[in-house]
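Student: Can you keep this structure in mind? I'll have questions shortly.
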Number of protein chains: 2
Amino acid sequence: MTRKQIINKFKKAIRNEQLKVTPQRVAVLDDLMDHPGHRECDEIFDDLRANDMKVSRATIYRTLDLLVKYGFAKKLNTGEGRSRFENRIDTHHHDHIICNKCGTITEFCNDEIEKIQIDICNDMDAQIVGHEHQLFVICADCRNN
Amino acid sequence: MTRKQIINKFKKAIRNEQLKVTPQRVAVLDDLMDHPGHRECDEIFDDLRANDMKVSRATIYRTLDLLVKYGFAKKLNTGEGRSRFENRIDTHHHDHIICNKCGTITEFCNDEIEKIQIDICNDMDAQIVGHEHQLFVICADCRNN
DNA sequence: ACTTTATTGAGAATGATTCTCAAGTAACTT
DNA sequence: AAGTTACTTGAGAATCATTCTCAATAAAGT
């Protein structure tokens with residue numbers, strides 16, 4: 001999907017809920033797609049302001065909630081005391097490896113783990129709606145100082 | 001290990017760092033062991049106060065940090081916007097299944113997953129220092145209303 | 001353009017956690 | 001047992017991320 005198509009999909013999703021398409025909402029999604037990493041509110045805030053957009057933190061949080069709700073973004077907890085968000089369109093599912101020293105976030109995905117998770121939930125007759133899996137490490141770089 | 005032995009071990013750990021054994025510190029560990037569940041600061045606070053102990057939230061947080069640091073407790077993030085802590089002595093390692101509807105926390109442990117995690121870290125030459133793995137579900141009870 | 005209704009920004013409010021600091025207390029010394 | 005030193009404590013202020021409030025603004029339909 002091209003970026004334009006993704007944004008159109010988002011616009012459609014918004015209108016579908018009798019919500020309104022605004023420059024701020026589009027800009028947040030655009031920013032998430034510009035930065036494949038894991039971004040926090042203030043990074044997005046600084047970006048948009050740097051691009052001369054009039055926007056408030058409140059609106060960014062509100063928009064991120066929308067994006068998560070409609071499946072365009074994922075909220076993650078990296079144990080830093082604040083949330084990070086990542087674009088979720090056209091990305092394969094993955095979990096995170098976080099270096100406790102330098103903070104670098106690497107991604108991983110393991111089909112076997114994914115499968116076991118589903119089995120565990122099935123066994124207890126629960127419907128899985130999501131998961132969060134983080135490995136905390138001292139990364140290769142940090143180990144070698 | 002008996003409870004007395006665990007508490008003695010904690011006292012030893014504390015003294016070993018030139019810190020002091022105080023009634024508040026012991027009481028927090030005691031409370032964690034009284035309640036095998038996953039407790040948050042305010043629950044502990046209410047408990048200790050109910051037991052006529054003079055204690056402040058600040059001290060509870062400070063003590064929980066100590067307990068985590070010395071391996072007597074584990075801090076976990078259940079996605080509620082505050083931390084929970086659990087006793088970590090004499091408990092087998094486990095991860096958590098959290099019902100997004102009723103909030104019930106169930107534990108699980110899967111050796112295969114544990115093994116894969118280690119393999120993943122070894123492959124990238126990182127030293128694993130911890131992990132957090134949560135499955136978010138709608139539990140059997142909630143599914144059947 | 002006009003109307004309706006959702007959205008916005010600013011700043012206040014919230015809630016969890018951390019910090020400050022004077023008063024208190026553990027533990028060592030005699 | 002009393003004195004000394006250094007770590008701890010509680011109260012409340014401070015902080016930080018996030019959410020809320022509300023009057024002003026701007027989509028989208030007519």
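The values are calculated or read from the model by the stated rules, or taken from the named source; none is laboratory data. None of these values were measured; they are calculated from a predicted model. Heads up, the Cβs are rebuilt from the backbone with ideal geometry, glycines too, and the neighbour counts pull from every protein chain shown. For the accessible areas, the whole protein counts, side chains as well, though only heavy atoms, and no ligand, DNA or RNA atoms are used. Shrake-Rupley method; radii C 1.70, N 1.55, O 1.52, S 1.80 Å.
Student: Six or more apart or on different chains, Cβ under 6 Å: which pairs go from a residue in region B:104-124 that's within 9 Å of another protein chain (Cβ to nearest Cβ) and free of Cβ contacts under 8 Å to residues at least 60 places away in the same chain to one that's polar (S, T, N, Q) and outside any helix (DSSP H, G or I)? Could you list them?
Tutor: Short answer, once both residue conditions are applied: B:ILE116/A:ASN110.
Student: Taking the residues in region A:83-101 that are within 11 Å of chain B (Cβ to nearest Cβ) and of a type outside the set (A, V, I, L, M) as candidates, determine which candidate is nearest to DNA strand C (Cβ to nearest atom). Please lay out each step first, then the result.
Tutor: The first filter runs over region A:83-101 and keeps only residues within 11 Å of chain B (Cβ to nearest Cβ), leaving A:83, A:95-101.
From what's left, of a type outside the set (A, V, I, L, M): A:83, A:95-96, A:99-101.
Working: A:SER83: 12, A:ASP95: 23, A:HIS96: 21, A:CYS99: 20, A:ASN100: 15, A:LYS101: 18 Å.
Here the answer is A:SER83.
Student: How about region A:46-145: which strands (runs of 3 or more DSSP E) wholly inside it have at least 1 residues that are more than 12 Å from the chain's Cα centre (by Cα)?
Tutor: Values: elements: A:73-77, A:83-87, A:95-99, A:105-108, A:127-138.
Output list reads A:95-99, A:105-108, A:127-138.
Student: Let me ask another. Given the residues B:LYS4, B:LYS74, B:LYS101, which is the only one that is exposed (fewer than 11 other Cβ atoms within 10 Å of the Cβ), more than 10 Å from DNA strand D (Cβ to nearest atom) and at pLDDT below 95?
Tutor: None of the others qualify; the one that does is B:LYS4.
For (1) surrounded by 12 or more Cβ atoms within 10 Å (Cβ to Cβ); (2) closer than 20 Å to B:GLN134 by Cβ, each residue gets a yes or a no:
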position: A:HIS92; (1), (2): no, no
position: A:ILE120; (1), (2): yes, yes
position: A:ASP123; (1), (2): no, yes
position: A:ASP141; (1), (2): yes, no
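Student: Here is a further query. What pairs come up if the first residue lies in region B:17-35 and is in the same structural domain as B:PHE45 (by TED's automatic domain parsing), the second is aliphatic (A, V, I, L, M) and open to solvent by 40 Å² or more (accessible area, probe 1.4 Å), and their beta carbons are under 6 Å apart, counting only those six or more places apart or on different chains?
Tutor: Note: pairs meeting the criteria are B:ALA27/B:MET53.
Results for (1) surrounded by fewer than 16 Cβ atoms within 10 Å (Cβ to Cβ); (2) away from chain A (no Cβ under 14 Å); (3) near DNA strand C (Cβ under 9 Å from one of its atoms), shown as yes or no for each residue.
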| site | (1), (2), (3) |
| --- | --- |
| B:ASN16 | yes, yes, no |
| B:PRO23 | yes, yes, yes |
| B:ASP30 | no, yes, no |
| B:GLY37 | yes, yes, no |
| B:ASP42 | yes, yes, yes |
| B:PHE45 | no, yes, no |
| B:ARG57 | yes, yes, yes |
